[in-house]
Each structure stands twice: as C-alpha cells, then as structure tokens.
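I have placed the structure first, in the form of structure tokens, so that the comments after it can refer back to it.
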Amino acid sequence: MKDTERYPITPDFDGWPVTVPPVAARPEDGALAVEWADGQVSRYHPFFLAENDPSPDTLHPLSRETTLSPLDLPEDLAAVSADIEPDGTIAVQWSHGRAASRFHPGWLRGNGWFGGEPESAAEVLWTAAEQPEPPTFDGPEALRDPALFLAWLTALRDYGVARLENLPSEDGLLIRIAERVGPVRESNFGRMYTLEIKDDPDSNAFTSAALMQHIDMPTRECPHGLQFLFCRGNTTSGGEGIYADAYRIAADLAAEEPRHFEALCDIRWTYNNRSKTSSYKATGPVIERSRTGRITGIRYNTWLRAPLVAPLAEQDRAYRSYRAFTARAQDAKCQMKFAYKPGDLLAFDNRRALHGRNGYDARGGTRFIEGLYSDRDDLHSAIRSLERSLSKGKTS
C-alpha cells in the first residue's frame, strides 16, 4: 500500500508500511486483539492505545508528542468494539463515552508483541582473520551520496568500526562530517583534539609510545559512545592502528571461560583519569549486559584502573578475570592492524571496539591526526532518519 497519507498519523515521523494486513479486530477483556493475514495475533492494552491515539486531543499534530496525562484516563477504560475500515485502518470504540480512536495498521503491527524480545540490529562479531580491515567507503562519494553515507553508518553500527578514505585535508572537515551524525560531545580534551606528542602529556595518547587495547573515557559515568580519528598527514614510521572487537572477545570468554566472563560482568572496577587539572572517576563492570543477557558495552582500560578495594578473594577473582580478558585483547588473532593513511577517517564504537597502536618514531616525519567524540544514540538516530528520508524519496 503505497498511499500512506490516507492512514491516521502515528506518534512519530517514521514510515509504517502495511506488509501484513489485519483481517479481524475485536475487544478482549477490555484490550484490543488484532488477527493478521499471516495468522498471528497481537493484543494491545487500552492505556497503550489511548495514550497513542492520533486524535489531536491526545497527540499534537505537529510535534507528534502526547498531550495526555495517564491520570486523564479512567482506571477501568476498556475497548468495547473494534472494526477494520476498507483501507485497513483499525477503529476502536471505548467505554466511558470516550471518543472513538483510529489506528494506522502498519504502526499497530510494528508495535505489536508476538512473543520473545523485540528484534534489534545484530552486531557482526569478528576476529582479525574474519575482518582484516575496517569496512571502507570512498569519503568524497559518501559525502555526496546519502545512500553511501548511510551504508558507512550502518557498517559502523554493525561492525563497531568503519572507514572513509580519500578525504581532503581540510580544516573543519572532521567536525562537519561528525555533525552529520550528531552533536559533538566534548571531553576534558576539548571539543576536538590532535594526537600529538606533548612535553607534559595528560594522557598516554599524547606520547609516541605503544598503546594497549582500550576504550577511552572509562572514567565517565557514561563513556563517550563514538570516536572519530581523521588522519590529515602521516610520514612517520610505525604507529599502526590496532582494533579488536570486544563483543567477540566477551562472547568467546562466555563460551570458553565462563567463570571469568561472569566475574567481568559482576565485579565493578573504578577508573580515574590522571591529570593535574581534572579528576574524573566512574565505576562499572568490564562487560555490561542488558536484562536479557545481551552484551551492550565494555569498560576496559588497563592504565586508568583505580585500586580495587575489596576482600582478598574478590581481588583475586577480579584480577584473574581481567588478565583473561587482556590476554585475548592482546592476542594477534583478535587484532585488526592497519596504517593510518592521509585522507582516512576512522569512526568506531568506543564502547565496543577496543583500539590501540604500535609505537611510532616521529623523527624525520610528521603525524597529524585529529579526533573527537559523539554518542551511539546519535548514530542510531542518524541511521533511522536517513532510512526514513531515502524511503520517502523512493515512494514519492
């Protein structure tokens, strides 16, 4: 059904294609039951429906946000009848004299519960053999073509790291690209930073030394979700980037060393930055999980751990599990290694993709790499917004 304008509005600006039409609708103990053409049945609570009613008395037609308080609804509100209109719109009649509601069938289907957890984008877990280099896209072309830019963002979401190449060395270009994804999130290193050798470094990153695999900002309550590194010039020797998929490392630990995996999920480490001008401190487990057990984030940085204040047995469990994680993170089998070339822009999920580098020799050469941070929810918003706009372009 291409003509979606005939349907009621929805509490968002997304497109809801009607891929499976409704064939029956009826009240069930005050709720709404909808049977679909594929034989599945979904049920909707009366409060769920009333709070998402597309009527202008409930849903602001411009902001698409509800104007209704939960206390505005009768506690025993119930659907008393339901019908399917010729175009598939589902109409519901209410108790208590509440005005009838009409719902977009694609939206109802997309927000129906059919058993199990809602589907989410599946990460592509990888080792060095499976992913020797980041998914790579031509930078100038991606900036011109929204579909290719979307492909880069999708690869970043799925693999945790993705690269644009052949970009010109332009002042401000990194910020312009990052802001197409979302707002830049500042840090104690500023809105943007340059990876340069400092006489008085406030991070190991501002030296020429090798860096072990790590995430940045474990010292923050919510570590920055995305990091962008833009190589504008590099004539030094060494300094290759080293990346590892911490979700794959965690999954392998869960399968092969479950006691260490559980310790990394349970024991909370504290991390603090080492600086003369700031003092950030945050606590969390190395491996974060959702309530369903899905791995959702990593907090791992060997040189920013604060002392672990705990009983001796807990310390032993904590340190042994941390060593097990480090052994895998530093294993060449897990490490994607590549040189930073001028024109490369690396974007990676800072709470998934561990990053490090080989040491480099700056004598007789220059190394100009800019960096900044943003957040993962900006990435997901940008993907959904681009998908929506490209989908509308195809159907208009």
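Mean-square fluctuation check for the chain, GNM, Cα pairs under 10 Å: which of 283, 296, 270 is largest?
Judging by the Gaussian network model, the answer is 296.
For 76, 14, what's the fewest-to-most ordering of other Cβ within 10 Å of each Cβ?
In order of increasing Cβ crowding within 10 Å: 76, 14.
Taking the Cβ-Cβ separation of residue 69 and residue 315 as r and a Förster radius of 41 Å, what is the calculated FRET efficiency to the nearest 0.05?
Efficiency at R0 = 41 Å is approximately 0.25.
Could you work out [θ]222 nm for the chain from helices alone, using -39500 (n - 2.57) per DSSP H run of at least four and dividing by all its residues? Round to the nearest 500 deg cm²/dmol. Kindly include the intermediate steps, with their values, before the conclusion.
Details: 9 runs with 99 residues, N = 396.
Helix contribution divided over all residues of the chain: -7500 deg cm²/dmol.
Could you list 114, 261 so that the one with the fewest beta carbons within 10 Å of its beta carbon is first and the one with the most is last?
114, 261
Just name one of 91, 79, 23: the one whose Cα is farthest towards the positive end of the charge dipole of segment 4-116 (beta-carbon charges, Lys/Arg +1, Asp/Glu -1).
23
Note down the net charge around residue 254, summing +1 for each Lys or Arg and -1 for each Asp or Glu among other residues with Cβ under 11 Å from its Cβ.
-1
What is the packing order of peptides 177-188, 339-350, taking the mean over residues of other C-beta atoms within 10 Å and listing the highest first?
339-350, 177-188
Taking the alpha-carbon distance from residue 281 and a cut-off under 20 Å, which aspartates and glutamates remain once sequence neighbours fewer than 8 residues away in the same chain are dropped?
In chain and number order, the partners are 186, 202, 216, 221, 266, 375.
Which value in nm describes the separation of the simple spin-label points at residue 130 and residue 102, placed 7 Å from the Cα toward the beta carbon?
With each label point 7 Å from Cα toward Cβ, the separation is 4.9 nm.
Magnitude of the Cβ-charge dipole of segment 4-116, K/R +1 and D/E -1, about the Cα centre, nearest 20 debye?
160 debye
Rounding to the nearest 20 debye, state how big the charge dipole of the chain is about its Cα centre with +1 on each Lys and Arg Cβ and -1 on each Asp and Glu Cβ.
1300 debye
Ranking request for peptides 220-231, 306-317, 49-60: highest mean number of other beta-carbon atoms within 10 Å first, then the rest in descending order. Spell out each step's value before the answer.
Working: 220-231: 20.2, 306-317: 11.7, 49-60: 17.4.
Highest to lowest by the protection proxy: 220-231, 49-60, 306-317.
Give the residue from 290, 167, 313 lying farthest towards the positive end of the charge dipole for segment 136-386; charges sit on Cβ (+1 for Lys and Arg, -1 for Asp and Glu) and the dipole is referred to the Cα centre.
Selected residue: 313.
For labels at residue 283 and residue 40 in the simple 7 Å Cα→Cβ model, what's the distance in nm?
The modelled label-to-label distance comes out at 4.2 nm.
When 107, 36 are ordered from fewest to most other Cβ atoms inside 10 Å of their Cβ, what list results?
Result, fewest neighbours first: 36, 107.
Bear in mind these aren't lab numbers, they're just calculated from the coordinates by the rules spelled out. It should be emphasised that the depicted structure is a prediction, and the values quoted were computed from it without experimental measurement. All Cβ positions, glycine included, derive from the backbone under ideal geometry; neighbour counts span all protein chains shown.
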